[in-house]
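Below is one structure, written out as structure tokens, with a few remarks after it.
The values are calculated or read from the model by the stated rules, or taken from the named source; none is laboratory data. Computed from a predicted structure; not experimentally measured. Note that each Cβ is placed from the backbone with ideal geometry, even for glycine, and that neighbours are counted across all protein chains shown.
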């Protein structure tokens, strides 16, 4: 036994002379804890660095969209990602970045049916970039607007009527029939697997204020009621 | 004196340009608007063959270059009504959306004129 000196006075150490007792375990635990606590933000930082190194910004702006001209819209090369964390599901981003499949049938914002193929990145990097993109949020997205429980019975029928007939969304967006057949227009992004990709709250917020997320976008402003927008959003994210 | 003559000459040239080509600027804008908002269904040349003209849709997009059909249509409803209120406003398919919340009045008027130019009616 030896005396240990602390501010409050002396006390007897319960450790034997020449050993370090529990301190290595405590220190190690603290390091592991700190590492685990810090790793998500480290991954985000890595993701941001990869985003910059791969020059993703040359096609994807991460600044909030500006209200420009139609000509400027036509010259855009890829979607604005300033609200990617509100729009996309992180798990989907991770998978898609590692193995991208076209969501658009056209070259971005054109009428050419020859879309560019998105570059694939290694799985680990994809996870880090997905983590970074998930931090890019838009305060206008209403959290909790669309319940994760989905639509049931009559509500689903009403939503389908809005989507198919009243607003005829499938005239521009491809969807999947119950038999698994892809039908619909090709000018807008494919929605057949939208539920894997999009967050319902973002879909709702987009439907309520499309100009905020995509000024001068091709999709018409429908001026939907809250109820209509919630139904359509819930219906869209049920596509899987 | 020379400067005054130059200014007058330029003014005459500009005035002549506006008189001979009155719709030149609006047509240029309208063509861009048509390409951006309408061509995905109606086709870049207005023939109703845009990339959204797929067989699963219950109706095909209107061929804006079909003069006879377009004359019949415009006799019933001005094109601007369809642009503003969509198909539903004139008792036609709701697949044609209403554009009044998306476009300005000037933009809709420009498109109305452009469709009249396409159908030659």
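Tabulated values for the structure
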read-out	value
Odd one out for residue A:96 among (1) surrounded by fewer than 21 Cβ atoms within 10 Å (Cβ to Cβ); (2) out of contact with any helix residue (DSSP H, G or I) (no Cβ under 6 Å at 6 or more places or on another chain); (3) part of a loop (DSSP other than H, G, I, E, B)	(3)
Out of A:47, A:85, A:57, sole residue that is without any contact (Cβ under 8 Å) to a residue 12 or more places away in the chain and more than 28 Å from residue B:43 (Cα to Cα)	A:57
Residues of region A:177-191 that turn out to be within 12 Å of chain B (Cβ to nearest Cβ), crowded, with 19+ Cβ neighbours inside 10 Å and more than 21 Å from residue A:65 (Cβ to Cβ), as a count	3
Selected residue [buried (at least 22 other Cβ atoms within 10 Å of the Cβ), out of contact with any helix residue (DSSP H, G or I) (no Cβ under 7 Å at 6 or more places or on another chain) and not assigned by TED's automatic domain parsing to the domain that holds residue A:95] from A:229, A:223, A:209, A:168	A:168
Sole exception among (1) in contact with a strand residue (DSSP E or B) (Cβ under 8 Å, 6 or more places away or on another chain); (2) within 27 Å of residue B:91 (Cα to Cα) for residue A:237, by number	(2)
Residue match in region A:192-215 (condition: more than 15 Å from residue A:86 (Cα to Cα) and away from chain B (no Cβ under 14 Å))	yes
All positions within region A:117-156 that are in a helix (DSSP H, G or I) and at pLDDT below 95	A:153, A:154, A:155, A:156
Top-ranked residue in region B:95-105 [being at the interface with chain A (Cβ under 7 Å from one of its Cβ atoms) and without any contact (Cβ under 8 Å) to a residue 12 or more places away in the chain; ranked as nearest to residue A:216 (Cα to Cα)]	B:101
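Every residue, every condition in (1) surrounded by fewer than 19 Cβ atoms within 10 Å (Cβ to Cβ); (2) within 11 Å of another protein chain (Cβ to nearest Cβ); (3) modelled with pLDDT of 95 or more, yes or no:
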residue: B:35; (1), (2), (3): yes, yes, yes
residue: B:44; (1), (2), (3): yes, yes, yes
residue: B:53; (1), (2), (3): no, yes, yes
residue: B:75; (1), (2), (3): yes, no, yes
residue: B:82; (1), (2), (3): no, no, yes
residue: B:88; (1), (2), (3): yes, yes, no
residue: B:93; (1), (2), (3): yes, yes, no
residue: B:107; (1), (2), (3): yes, yes, yes
